[in-house]
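Beneath this line is the structure, given in structure tokens, with notes to follow.
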Amino acid sequence: MIIEPRMRGFICLTAHPDGCAQNVKNQINYVKSKGAIHGPKKVLVIGASTGFGLASRITAAFGSNAATLGVFFEKEPAPGKTATPGWYNSAAFEQEAHKAGLYAKSINGDAFSNEIKQQTIDLIKADLGQVDLVIYSLASPVRMHPVTGVLHRSVLKPIGNTFTNKTVDFHTGNVTQVSIEPANQEDIDNTVVVMGGEDWAMWTDALKSAGVLAEGVTTIAYSYIGPEVTEAVYRKGTIGRAKDHLEATAFEITDSLQSINGKAFVSVNKALVTQASSAIPVIPLYISLLYKIMKAEGVHEGCIEQMQRLFAERLYMNAPIPTDDKGRIRIDDWEMRDDIQDRVKALWATATTENLSEIGDLAGYKQDFLNLFGFGFDGVDYNGEANEMLQIPSIS
Ligand code: NAD
Ligand code: NA
């Protein structure tokens, strides 16, 4: 069928299989253009279908010829109804990996569940034996706790006081004031249960107990810090508490992997347009100003540039992995440069509906948002019939 974008708030109800494939191919070409990385060989990516997880998978496969097993939670297509973008991304990724002679299989289901963990372990045992890198890149608004059966929902709220600041509706470019009421303790606890480190530790425990982690294994999860303007709603808000927990969990996981010389790290990544970040108030305005400045300075990066740099210049340099004073890998270094942040801060103060398309990169934001769903790519025939029923080779 002919597929057009159908926007509803922070999401798009449709996805384009050919556009998603183009997105994956562009990312593969980028990684190849940067040359070989002496990186991982057998990689498990949890949250492998979009955003940083997909870019990590592509970097591992096409940067260092790694076999990859991807876990994600995507909706498959139905007649007349497209799949979610991560489904088509994964179909395209597997096709390209297989063409290149690389092992690539995927598991679609709830990564928080015991069942999906067990399926993953069984598949590693059957096909790979062990993995030497585990990427943990889940972003989810809910988690069904596998022990209690309770469904926890995360919230994006400040802690302590009502937060009032500017925000933008990136579809219309309208800049308005938004006020967000503070979270209560239950909100905070739920957000930590969903986006904190407990599930990452459960994964690592399960994988280690099953003997599928290689000697010297590395595991990485992703975090964010960001500037003062987003602090109340991000790093000092409910999601920030979850990130504090995730970061603390890295040390516990490293302890638990001592007998196999394994290490857990958190990498602090740059702010980028993804399905997860578009839903956070204030962040889209910050991102559109940040993009403008970083592009002007020639230091703008997308998920794939970030992950390629993470592998090539942090994780696999054949040297100790550089970290900050809290043990975190920093790949948000260019975003957080003083000169960049000073300029964003100055723009923030002046941003209005009238000037945003000029002082900010609203067009770039919208383009990236469309791209998430496979729309807006050169070389794709959006007027032609697309095969919305496209299947993922290892799943169908
Ligand atoms: P994303 O929404 O693009 O990707 C989320 C992935 O998780 C997808 O593969 C999805 O299928 C998978 N997923 C969600 N729920 C699942 C479930 N129950 N079971 C299995 N898979 C599930 O998000 P992203 O922006 O790439 O975020 C990944 C990580 O990076 C998060 O920890 C996020 O906080 C962090 N991060 C994001 C940014 C940013 O600006 N986007 C910046 C720094 C760090
Ligand atoms: Na991801």
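Among the residues of region 208-257, those that are assigned to a strand (DSSP E or B) and over 17 Å from Ile46 (Cβ atoms) comprise Glu215, Gly216. Filtering region 364-393 to residues that are buried (at least 19 other Cβ atoms within 10 Å of the Cβ) and either in contact with a strand residue (DSSP E or B) (Cβ under 6 Å, 6 or more places away or on another chain) or in a helix (DSSP H, G or I) (or both) leaves Tyr365, Asp368, Phe369, Asn371, Leu372, Phe373, Ile392. For region 2-23, the criterion of being surrounded by 17 or more Cβ atoms within 10 Å (Cβ to Cβ), at pLDDT 95 or above, more than 16 Å from ligand 1 (Cβ to nearest atom) and of a type in the set (Lys, Arg) is met by none of the residues. Please indicate, with yes or no, whether at least one residue in region 231-251 is on the phi > 0 side of the Ramachandran plot and either out of contact with any Pro (no Cβ under 9 Å at 6 or more places or on another chain) or of a type in the set (A, V, I, L, M, F, W, C) (or both). No, that holds for no residue. Within region 37-60, the set of residues being in a strand (DSSP E or B) and within 12 Å of ligand 1 (Cβ to nearest atom) comprises Val45, Ile46. Listed by first and then second residue, the pairs with beta-carbon distance under 8 Å, at least 6 apart or on different chains, first residue in region 270-284 and without any contact (Cβ under 8 Å) to a residue 12 or more places away in the chain, second away from ligand 2 (no atom under 14 Å from the Cβ), are Ser277/Ala271; Ser277/Ile283; Ser277/Pro284; Ser277/Ile287. Would you confirm whether or not region 157-166 contains a residue that is within 26 Å of Phe10 (Cβ to Cβ), within 16 Å of ligand 2 (Cβ to nearest atom), surrounded by 20 or more Cβ atoms within 10 Å (Cβ to Cβ) and basic (Lys, Arg)? Within region 157-166, not a single residue is within 26 Å of Phe10 (Cβ to Cβ), within 16 Å of ligand 2 (Cβ to nearest atom), surrounded by 20 or more Cβ atoms within 10 Å (Cβ to Cβ) and basic (Lys, Arg).
For region 67-88, a tally of residues being under 17 Å from Lys25 (Cα atoms) and more than 11 Å from ligand 2 (Cβ to nearest atom) returns 4. One residue alone among Lys243, Lys208, Lys236 is among the basic types (Lys, Arg) and under 30 Å from Asp127 (Cβ atoms), and that residue is Lys208.
Could you please find all residues in region 256-284 being away from ligand 1 (no atom under 13 Å from the Cβ) and at pLDDT below 95? Residue satisfying the conditions is Pro281 alone. Just so you know, in region 94-107 the residues that are out of contact with any Ser or Thr (no Cβ under 8 Å at 6 or more places or on another chain) and in contact (Cβ under 8 Å) with a residue 60 or more places away in the chain include one that is farthest from ligand 2 (Cβ to nearest atom), and it is His98.
I'd like to check something: does region 231-248 contain any residue that is among the polar types (S, T, N, Q), under 24 Å from Met307 (Cβ atoms) and under 22 Å from the mean Cα position of the chain (by Cα)? No, region 231-248 has no match at all. Restricting Ala83, Ala67 to those that are among the hydrophobic types (A, V, I, L, M, F, W, C) and over 30 Å from Thr172 (Cβ atoms) reduces the list to Ala67.
The values are calculated or read from the model by the stated rules, or taken from the named source; none is laboratory data. As the structure is a prediction and not an experimental result, all values here were calculated from the model. Don't worry about glycine lacking a Cβ; one is built from the backbone with ideal geometry, like all the others, and counts go over all protein chains shown.
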